[in-house]
Every structure is written in C-alpha cells, then in structure tokens.
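These notes concern the structure reproduced below.
The values are calculated or read from the model by the stated rules, or taken from the named source; none is laboratory data. Just so it is clear, the model here is predicted, and its values are computed rather than measured. Heads up, the Cβs are rebuilt from the backbone with ideal geometry, glycines too, and the neighbour counts pull from every protein chain shown.
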Amino acid sequence: METQNTSTTTEKRKRARVRGKSVGFRLRLRNGKWSYEIRSNKYDQTYSGTYALGTSQEDARKMTLARLHELESADVDTIENKTLKRYTVRQLIETFETHHLLKKLREENASWRNEAKMIKTFKNTQKAICDMRLSETKRINLAFRAEITAVKQTYDRKGYSFTRQCSPIRTIFKRASQILFPLEGRLIDVPNPLLGIEWPKDESGREFPLKWGDELKIFDAIFKQCPRYIDRCKWILLVQLALTTALRRGVLLRLKWQDIDWNNKVIKIDKSYWNGKKKAPPMVPLTHRLNLMLRQYLEALPKDDQRLSYEIFLIKRRKMDSRTSAKIVERKLVMDRYEERIARPSKFNPKKHKIVKTDNRAYLEKFHDKTKWVDLTWRRIIRRTDLFKYVLDPNGNPFVNDNGEPLQDWFHFHDLRHTAVTRYAEPPYNLGEQEYQYLKGNKIKYNNPQHIDINNRIREKIEEGDKAIEVSPARQAAWVALRQQQGIDTELETPEKWLEYEIYVNGPYAIKGPYQAPIEEEE
C-alpha cells in the first residue's frame, strides 16, 4: 500500500512539473506544501515561494499564474531589455558593417557595396534615429512613421527613394539577433521596431523608352565624347548589347569572353552575375550585328586583355598615388594567430583590408567601384543629346533649381533595357509571350534543355525586325534629320552602314583577315 502511494505521489509531481514548465513556472509538493519557482530566460533572477498548508494544486497553480502576470505587467527588466538598453541603433549598424564574423552575412547580397552607400547616407541624415536605444521600440517606430509622412508632404523628395534608402536598415533590424550574437555570445530576442509600417511604393511608373532613331543621337554623342577608337568600340558595343539583349548594367559588366558561345550564337550568363529578384536568362541570342561588334572590339584590345577569363569590359586598375595618407591594415595569419599589418595603399582591397585613417577613404572607395566609370562617362555622353524630360510637380509645372533653371530628367542607362522590352512587344519584332518573358528573366526553368532553341527563335525574329526597321520611312527620316542637325558628312543611306564604315571598314583596326578567337589561359 505504501509503495502504491509513493508511486502516485511521484506521478503527481511529474505531472505538476510538466504542467508548470509549459507556462514558465514550476510547482513542487514538499512536506505537504506546494512551492513555486519562476525561473525563465526572461529574468536574471529566480522568483520562488511556498503556499500555506492545505492549499490545493489548482489554487497553487492559479496563484502562481497571477504572480507571473504581475511580473510581466510590472516594470521588471528582463535580460533582453537590459541588454538592448546598452546598444543604440548606430552601434547595431556599425557592428553589421565592421565585425569580421559577419562578413558572409554582409556579402549575401551581390549589391552589398551599394547597400553600404545607403547605410552611410542613412547615418548622416537620420542621426536622431541612430542615437536611439534598441529597447525604445515604439519610439523608433514613430520616428520612421514621422519621416515617411514628412517625405510624402514634400515635392522634391520621392517616398519610394526613402523606402530604397531604408532597405538595408530593414534587413539589419530583421537580423538584429544574429548581429548581436558575436558581441553577447548568445542569441537575444530583439523585437523589430519597423513592423506595421506602410512603406511608400514606386507608383511613378517611370518609362522613358527611346523613339525610333533616337539611339542614333547616342551613337553620335559617343563619337564626340570618345576620341580614342577603342573607347568608341567599347561604348557602342555596350549600348548595342543593352538594346539587343535587354540585360541590366550589372550583368553586362560581368560578362567574360568565355561566356560567348560563337558556334551556337548565344551569350551564356552565370547565376552569380545577377542577384535577388532582378533575374537574368541563362543565355541570350548573339545576333549578326553583335557578332560583328564583338569581333571588332576584340581585335582592338591588347593581347593581354583577350584572355577567356577576363571581362569583356575590363577596366584596368591604375596604381594609386603612393603619397596618399590613407592607412590600410591587413589581417594576416602569423604563427597560428591573426595579426594586423600595414599594407600599401596601392594594394587596397575592401574584402581583406581595413581603412584605419579615413581622410582618404572616399578616394579608395571610388577607385575600387567597377561601375563608377559607366555612370561618369554616360552622364557626359547623354548630355551631348536632347534626350531628357522636365521634372513636373502635381500641377504640371516644372521644378526649378537654386539658379532658377528647370530640372531635367535625363535618359538613364537602364532605360535602354526599357526600350528593348518595349520594342520587342511591338511590330516588326512581335516576340511570343514565352520569348518575351524569357528575355525579361521571368518564368524561366534554368535546367530546361530548350534554351538554345528559344534563343534561335528570338535571334531570327530580332534580325528580321532589324532589317525591316533599317528601310522604314521613320528610320530614314530620323537619319536624315540627324545628319542635318549634327552635320554628319556622309552620303550613306542608313546609320548601320555609317557605323560599319566608320568602325568596321574605315577604322584603324578593321578586320581584314580571318577571325581570331580569344586567347586561352595557360595552365
């Protein structure tokens, strides 16, 4: 009989412990009295006590629950709150930017360099938010809502621009627990203060496709801006690639000579060339015109730059001035431990070097940016044309700058993709729905063996459409108007023949012999 009572008591204790653990406390029966213990990761101390003799298990459970609710409703600091009070938003952001254990987390996105610029702008413009503590969730939320309201009430700022600027900040708040882990050595539940905010969306619908014949103005501006023959070839090829393949700038600048399949007449695109939602097709067609331009550009390149592993639009890194006052620190493994050693500025690489003295930081970052040369040169090229629109307010009146001049929205390089997508949906190209979505990078099965067949159909339609456009009256009229306006001294009847004559026939590197393939790498 005693054995049975002992086993029953043990079972009751087990049931009470399990039942209590599920709600954050534990009940034990000791000497006929129920004792409670509230031990949780939320609080840095243990709350315990014993109830009077004769208190039932159900009453003890209710009273313990009431005690737990009192602790949750009172101003008792949890471990997380005490930790979050030690860190500000600025410290969270700087930890994400600089901590060496978070390198993979930073570089998950291929456009992390652009995100670094957005973070820098956010820290300079939103200093009040950066000084807030991470425990002030409601205050941070209200500050972001107030900034969004202020942006919407101004005409010179677009709401979606603030959304894009805060995109990396939103990612940092989502991953705050992972970011604080290297500092605390444990995971902390960090509440996201940006939940429930309605971010402004891009409702502008900016579309600036080129009219038929307007690309001739860009080609003429390239001739005027680029005196060197090789620069003319490079820029005309870059513009023609964007107009033909509808690829984004980042993908175009990552293309290598080994990606060109001359036999199947396609250009292969590796998945590492694009990131996130901005997808690209696995390959794009290589038309006859692109084939000719690529061959001519390859002939103009020095032999050292014709290797298969080199990028098509290779930008050689010039040597930095050795007199720069920037101090670069490099972490090296020496005798089973890491040491920081000073490196030469001419060897600067942001992946493995750290800038200690920041007076020349802008020069170093500008120098490493592989896309900055496109932005700078394109801005000069497009301003030699009349391809712009006036920026208008909601009433239809143009905005003016500080000098009283109307603001102008110039044609962007990305608008070349919009132009290609717009033209391929209209005659004389008339691409099918599958071919149209394929070029845009939508609804693609990357393991589909029919990619070459799809590209062959797209290439045939593009070449047929190009031939129809060359003899169209609108194209001829645009060519005649450009010749008269810009004073182009030629009697050739089409701009294509003019380009072929100026670059491929009359140029200093005109193809006069058999085609020479790129140089293979030496093992």
*Of the residues that sit in segment 410-446 and are crowded, with 17+ Cβ neighbours inside 10 Å and of a type in the set (Asp, Glu), which one is modelled with the lowest pLDDT?*
GLU435
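Please tell me if ALA221 is in the same structural domain as THR137 (by TED's automatic domain parsing), touching a residue at least 40 places away in the same chain (Cβ under 8 Å) and surrounded by 13 or more Cβ atoms within 10 Å (Cβ to Cβ).
On the way: in the same structural domain as THR137 (by TED's automatic domain parsing): no; touching a residue at least 40 places away in the same chain (Cβ under 8 Å): yes; surrounded by 13 or more Cβ atoms within 10 Å (Cβ to Cβ): yes.
It is false that ALA221 is in the same structural domain as THR137 (by TED's automatic domain parsing), touching a residue at least 40 places away in the same chain (Cβ under 8 Å) and surrounded by 13 or more Cβ atoms within 10 Å (Cβ to Cβ).
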*Within segment 157-188, restricting attention to residues that are modelled with pLDDT of 85 or more and in a loop (DSSP other than H, G, I, E, B), which residue is nearest to VAL391 (Cα to Cα)?*
CYS166
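Please specify each residue of segment 392-448 satisfying the condition of being aliphatic (A, V, I, L, M), in contact (Cβ under 8 Å) with a residue 40 or more places away in the chain and either more than 29 Å from LEU238 (Cβ to Cβ) or in contact with a strand residue (DSSP E or B) (Cβ under 9 Å, 6 or more places away or on another chain) (or both).
Let us first name the residues in segment 392-448 that are aliphatic (A, V, I, L, M), namely 392, 400, 407, 416, 420-421, 425, 431, 439, 444.
Then drop every residue that is not in contact (Cβ under 8 Å) with a residue 40 or more places away in the chain, which leaves 416, 420-421, 439, 444.
Passing the criteria: only LEU439.
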_Checking the structure you have, find out if any residue of segment 94-109 is more than 30 Å from PRO406 (Cβ to Cβ), modelled with pLDDT of 90 or more, of a type in the set (S, T, N, Q) and in contact with a helix residue (DSSP H, G or I) (Cβ under 8 Å, 6 or more places away or on another chain)._
yes
*Among residues belonging to segment 52-81 that are part of a helix (DSSP H, G or I) and among the small types (Gly, Ala, Ser), point out the one that is modelled with the highest pLDDT.*
ALA60
_Out of everything in segment 19-39 that is part of a loop (DSSP other than H, G, I, E, B) and surrounded by 14 or more Cβ atoms within 10 Å (Cβ to Cβ), what residue ends up being modelled with the lowest pLDDT?_
ARG39
*Quick check: anything in segment 135-145 in contact (Cβ under 8 Å) with a residue 40 or more places away in the chain, hydrophobic (A, V, I, L, M, F, W, C) and closer than 18 Å to GLU198 by Cβ?*
yes
*segment 106-115 - residue that is in contact (Cβ under 8 Å) with a residue 40 or more places away in the chain and assigned to a helix (DSSP H, G or I) and, of those, nearest to TYR87 (Cα to Cα)*: GLU115
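Residue by residue, here is whether (1) assigned to a helix (DSSP H, G or I); (2) of a type in the set (Lys, Arg); (3) touching a strand residue (DSSP E or B) at 6+ places or on another chain (Cβ under 6 Å) holds:
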| residue | (1), (2), (3) |
| --- | --- |
| ARG139 | yes, yes, no |
| THR154 | no, no, no |
| VAL190 | no, no, no |
| GLU198 | no, no, no |
| ASP202 | no, no, no |
| PHE208 | no, no, no |
| GLY213 | no, no, no |
| PHE219 | yes, no, no |
| TRP235 | yes, no, no |
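The rows are residues; the columns are (1) under 25 Å from the mean Cα position of the chain (by Cα); (2) of a type outside the set (Val, Ile, Thr); (3) at pLDDT 75 or above.
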residue	(1), (2), (3)
HIS288	no, yes, yes
GLN306	no, yes, yes
PHE313	yes, yes, yes
ARG323	no, yes, no
MET335	no, yes, no
TYR338	no, yes, no
ARG379	yes, yes, yes
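Can you tell me which of VAL266, VAL190, VAL251 is assigned by TED's automatic domain parsing to the domain that holds GLU470, of a type in the set (Val, Ile, Thr) and more than 22 Å from the chain's Cα centre (by Cα)?
Numbers: VAL190 fails: assigned by TED's automatic domain parsing to the domain that holds GLU470; VAL251 fails: more than 22 Å from the chain's Cα centre (by Cα).
Being assigned by TED's automatic domain parsing to the domain that holds GLU470, of a type in the set (Val, Ile, Thr) and more than 22 Å from the chain's Cα centre (by Cα) holds for just one of VAL266, VAL190, VAL251, which is VAL266.
State which residue is modelled with the lowest pLDDT when the search covers only segment 237-257 and only residues that are assigned to a helix (DSSP H, G or I) and among the small types (Gly, Ala, Ser).
The selected residue is GLY250.
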